[in-house]
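Trainee: The structure is given below, and queries will be raised subsequently.
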Amino acid sequence: MSQKRRALITGITGQDGAYLARFLLEKGYEVYGAFRRLSTPNLWRLQALDIFHQVQLIPMELVDSASMTGALVASRPHEVYNLAAQSFVGASFEQPVGTGQVTGLAVSRLLECIRHVDPGIRFYQASTSELFGNSTQVPHNELTPFEPASPYAAAKLYGYWITRIYREAYDLFAVNGILFNHESPLRGLEFVTRKITNALAKVKLGLESKVSLGNLEASRDWGFAGDYVESMWLMLQQEAPGDYVIATGETHTVREFFTLACEIAGLDPAGILEVNPKFMRPLDVDLLLGDSGKAQRMLGWQPRVTFRELVRIMMETDLARWHRWQKGEQFPWDAFNYPSEMNILSRAVKS
Ligand code: NAP
Ligand code: GDD
């Protein structure tokens with residue numbers, strides 16, 4: 001039998017799933033990735049990081065407990081990282097019930113399966129700074145009261161509490177990572193950072209002329225996903241389970257992100273940007289700013305990539321991708337066959 005430690009990552013096809021898989025493989029883990037069946041496989045991030053053949057894939061659907069038990073039995077993990085979720089806040093206003101099912105209730109499904117299959121498994125829950133919502137107590141730390149402001153955040157609040165409840169009721173090693181926004185070139189295209197760098201790359205190469213955004217004054221504590229996945233692992237290596245805020249301690253507006261990305265791309269922001277109410281949420285979170293002092297002291301975790309470096313990495317990667325695409329190259333990537341958001345009807349906008 002293998003002596004390697006085994007980890008099961010739900011949401012292996014997402015941004016964090018890919019970076020965490022690479023991190024754990026580098027640590028010598030046997031990595032199992034739970035993914036949902038789609039009509040077209042969505043494995044480009046694992047391919048982009050060149051780890052596709054090193055991860056063992058297991059089908060699993062968040063609304064199906066049987067598939068969760070199956071994934072646990074097949075992988076016999078020491079550690080489970082629950083990253084799978086409907087993770088887009090905007091979509092949660094359009095799919096509030098579905099988001100409750102997969103982002104909230106699914107956490108108790110998985111914890112129940114773990115409790116019955118092997119209560120010795122260590123469990124990481126992907127909690128979020130969205131829990132703080134529009135709390136006026138900033139910076140946000142582990143003691144700041146929660147004030148969720150979206151169906152997504154309400155579902156994550158359930159996931160947060162059920163994780164704590166299973167820890168206390170059944171003595172599971174179950175932790176919440178309360179992660180602030182973290183981005184990368186593998187970020188989904190709907191999230192504002194990647195939307196901006198992808199759109200500006202197209203403007204730079206003459207494929208588009210405008211970038212349409214919503215709330216430019218929203219402010220976020222943006223870090224690099226590659227730095228943040230390390231904190232997930234560190235939380236599961238402690239003697240006792242706990243909950244930790246992971247953040248950079250800096251906040252910037254969407255406008256600042258856009259302006260810096262223009263500077264890096266060598267574009268004049270004037271005339272490119274338009275505000276479209278279509279991208280305003282019915283309710284938004286104005287300001288997120290985290291205090292990761294506890295994680296720094298207890299986990300020895302520190303963010304490494306600065307805001308400027310993050311914007312540069314994302315902007316340069318998207319420029320390079322569109323440039324390669326124009327030359328007819330093929331490589332693992334998402335944007336070339338993604339529809340323009342302007343062609344997607346949205347009914348959940350600010351009234
Ligand atoms: P992401 O890129 O959107 O990935 C989400 C993953 O969940 C994808 O693999 C997705 O599969 C999977 N998934 C969605 N619905 C599913 C279902 N019904 N059954 C099985 N799998 C399903 O998100 P991320 O940025 O990597 O974030 C990872 C986790 O951290 C999420 O729970 C998110 O809410 C949370 N979080 C993220 C941030 C951030 O800033 N990135 C901050 C705090 C917390 P498909 O590829 O098939 O869609
Ligand atoms: N997506 C998007 N598109 N957001 C826009 C746009 C736009 O065109 N214009 C302005 N924004 C604003 C949003 O209204 C929000 O205030 C901010 O930009 C950030 O939006 P997102 O990038 O979609 O991320 P988020 O902060 O709502 O949620 C992300 O971070 C959370 C942690 O705080 C997601 O990754 C969540 O899963 C995560 O929990």
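Trainee: In the chain, what percent of the accessible surface is made up of carbon and sulfur (1.4 Å probe, ligands and nucleic acids excluded)? Write down the numbers at each step before the final one.
Mentor: Numbers: 7960 of 15360 Å².
That fraction is 52 percent.
Trainee: Assign one of three labels to region 30-150, namely rounded, prolate or oblate, based on the Cα gyration tensor with a ≥ b ≥ c the square roots of its eigenvalues; rounded applies when a/c is under 1.5, prolate when it is not and a/b is larger than b/c, and oblate otherwise.
Mentor: Because a/c hits 1.5 or more and a/b exceeds b/c, region 30-150 counts as prolate.
Trainee: If I fit a long axis through the Cα atoms of helix 151-170 and take the longest principal axis of the Cα atoms of the chain, what angle between them do I get, 0 to 90°, rounded to 10?
Mentor: Rounded to the nearest ten degrees, it is 20.
Trainee: Heavy-atom accessible area per residue, region 214-327, 1.4 Å probe: how many Å²?
Mentor: Values: 4960 Å² over 114 residues.
The answer is 44 Å² per residue.
Trainee: Take peptides 335-345, 231-241, 143-153, 274-284 and line them up by average Cβ neighbours within 10 Å, highest first, as a rough protection proxy.
Mentor: On the way: 335-345: 10.0, 231-241: 17.0, 143-153: 19.2, 274-284: 15.1.
Highest-to-lowest ranking by the protection proxy: 143-153, 231-241, 274-284, 335-345.
Trainee: Another one. When the chain is fully extended, how far beyond the present Cα-Cα distance does L189 get from H323, taking 0.36 nm per residue of separation?
Mentor: Length gained, L189 through H323: 46.5 nm.
Trainee: Go through K195/K327; K156/K202; K195/K278; K210/K278 and tell me which ones have a Cα-Cα distance over 24 Å in this structure.
Mentor: Pairs exceeding 24 Å: K156/K202.
Trainee: With the alpha-carbon atoms as the only input, what is the per residue convex hull volume for the chain in Å³?
Mentor: Values: hull volume 47.0 nm³, N = 351.
Output value, Cα hull per residue: 134 Å³.
Trainee: Which FRET efficiency value, to the nearest 0.05, is calculated for L345 and V97 with the Förster distance at 25 angstrom and r the Cβ-Cβ distance?
Mentor: Numbers: r = 19 Å, r/R0 = 0.77.
Taking R0 as 25 Å, the efficiency between L345 and V97 is 0.85.
Trainee: Separation between the A74 and Q238 pseudo-spin-labels, each 7 Å from Cα along Cα→Cβ, expressed in nm?
Mentor: So the two model labels end up 3.2 nm from each other.
Trainee: To the nearest Å, what is the center-to-center distance of region 32-74 and region 293-341, using C-alpha atoms only?
Mentor: Cα centroid to Cα centroid, the span is 23 Å.
Trainee: Quick check: pseudo-label points 7 Å beyond the Cα along Cα→Cβ at F331 and F88, how many nm apart are they?
Mentor: If labels sit at F331 and F88, their model points lie 2.4 nm apart.
Trainee: To test your reading of the geometry: what angle, between 0 and 90 degrees and rounded to tens, separates the Cα axis of helix 307-326 from the longest principal axis of the chain?
Mentor: That helix lies at roughly 70 degrees to the long axis.
Trainee: Compute the long axis of helix 254-265 from its Cα atoms, compare it with the longest principal axis of the Cα atoms of the chain, and write down the angle in degrees, 0 to 90, nearest 10.
Mentor: Result, in degrees: 70.
The values are calculated or read from the model by the stated rules, or taken from the named source; none is laboratory data. Not measured: the values here are computed from a predicted model. Positions of Cβ are backbone-derived with ideal geometry, glycine not excepted, and every protein chain shown enters the neighbour counts. Heads up: the accessible areas ignore ligands, DNA and RNA and are worked out on the full protein's heavy atoms, side chains in. Shrake-Rupley method; radii C 1.70, N 1.55, O 1.52, S 1.80 Å.
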